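We did not get these values from a lab; they are worked out from the coordinates using the rules stated. Only a predicted model underlies this, so the values are computations on that prediction, with no experimental measurement involved. Backbone-built Cβ (ideal geometry, glycine too); neighbour counts: all protein chains shown.
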Amino acid sequence: MNSLKSLIHSNNKVIREFQIILALTLASAIMAFNLNSFVRAGGLFPGGFSGMTVLIQQIGYKFLNIHISYAIIYLPLNLIPAYIGFKFIGKKFTLYTFYVVALSGILTDIFPNITITYDPLLISVFGGLINASAISLCLIFGASGGGTDFISIFFSEKRGIDAWNYILAANIVLLTTAGILFGFNRALYSIIYQFTSTQVLNTLYQRYQKDTLIIVTEKASVIYDKIRLLTHHDATLISGTGCFEGKPKEILYSVIGRGQVNLVITAIKEIDPKAFINVIKTDQLTGRFYKTPTK
């Protein structure tokens, strides 16, 4: 019986690894397609290390008349962020990410340039959307797109903040440089691309986003047990009085991940249909907060 369980567990691990590699391969192909069919067609600079790579390529072509392979630039640029990821985030996460970095870099050099549209605004919006979808797919399966994603996740893990918008602000420096060298029209469209990508990513991937729940109920202990079971997060019990009816009330105060909110609210309503629930966006949190470990 034990050997059968071990075999099943081993098979499940193999299947899971296969699913992860398949998803990351798909994400890498989407990134390469997006760079060749949207970013280059619109003459954009995608921000981050991808944008730095494209900028170096274009500087080499314009001022030195040489064509430099995307992968030759992109892979070395990711070595320092990869070290940060390996040391502070997780070994498996870093290995998966470097698989994405290497494969997307190689595929970018291999894939043909297929132009979908010549409209720079459509390219900026839909290119940003596709980029965010590919990065979200990586993040969901325990990897990232490399480069500034490592830095963003590092600060999110260590400081408890959602750092994607800070990375967007940092990319303005890169895009300003690109604007000075190649014209501000392209730089401004690149900002639209980067803004779209960041906002879609914030919508699709909510690991570092938190909400505060304030729950007024008469079944606080049962609801607390459910919150603890579903989210592994704690809560604070506050005694109060309902001003309208003058009856004693119990208030639970808890902070949970944004992706868990609907699940928790549904469970609360099953326990106490009359519960009053206020959901408040939490921008920054200090103190003890359970986070699912990054492998």
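Listed options for Cα extents along the principal axes in Å are [x] 79, 57, 34; [y] 64, 44, 41; [z] 92, 61, 35. The value calculated from this structure is the one marked [x]. Convex hull volume per residue, computed on the Cα atoms of segment 200-241, equals 92 Å³.
The gain in end-to-end length when the residue 169 to residue 237 segment is fully stretched comes to 20.6 nm, 0.36 nm per residue minus the alpha carbon separation. For a straight C-alpha distance cut-off of 14 angstrom, the aspartates and glutamates reachable from residue 226 (same-chain residues fewer than eight places away being disregarded) are 234, 270, 272. Here the spin labels are modelled as points 7 Å beyond Cα on the Cα-Cβ line, and at residue 176 and residue 281 they lie 2.6 nm apart. Peptides 83-92, 276-285 ordered by packing proxy, namely the average of other Cβ atoms within 10 Å per residue, highest first: 83-92, 276-285. Between residue 102 and residue 188, the simple spin-label model (points 7 angstrom out along Cα→Cβ) gives 4.3 nm. If the segment from residue 84 to residue 64 were pulled out straight at 0.36 nm per residue, it would be longer than the present Cα-Cα gap by 3.9 nm.
The GluC sites (Glu not before Pro) of segment 191-284 that meet both conditions, a loop assignment by DSSP and at most 13 other Cβ atoms within 10 Å of the site Cβ, are 245. Among 42, 142, 246, the largest mean-square fluctuation in a Gaussian network model of the chain, built with springs joining Cα atoms closer than 10 Å, belongs to 246.
In what order do 230, 24, 75 fall by count of nearby beta-carbon atoms within 10 Å, going from fewest to most?
230, 75, 24
Largest GNM mean-square fluctuation across 70, 224, 193, computed for the chain with C-alpha springs under 10 Å, falls on 224.
Which FRET efficiency value, to the nearest 0.05, do you get for residue 15 and residue 114 by plugging their Cβ-Cβ distance into 1/(1 + (r/R0)^6) with R0 = 30 Å?
Numbers: r = 33 Å, r/R0 = 1.12.
Computed FRET efficiency for residue 15 and residue 114 comes out at 0.35.
Remark: relative contact order (segment 210-282) = 50 percent; criterion is Cα-Cα distance under 8 angstrom and separation of 6 or more residues. If R0 equals 25 Å, the separation of the Cβ atoms of residue 229 and residue 253 corresponds to a calculated FRET efficiency of about 0.90.
Can you give the helix-only mean residue ellipticity at 222 nm for the chain, where every DSSP H stretch with n ≥ 4 adds -39500 (n - 2.57) and the sum goes over all residues, rounded to the nearest 500 deg cm²/dmol? Before the final figure, lay out each step's value.
On the way: 11 runs with 183 residues, N = 295.
Mean residue ellipticity, 222 nm, calculated: -20500 deg cm²/dmol.
Radius of gyration (Cα atoms) of segment 47-119, expressed as a multiple of 2.2 N^0.38 Å: 1.28.
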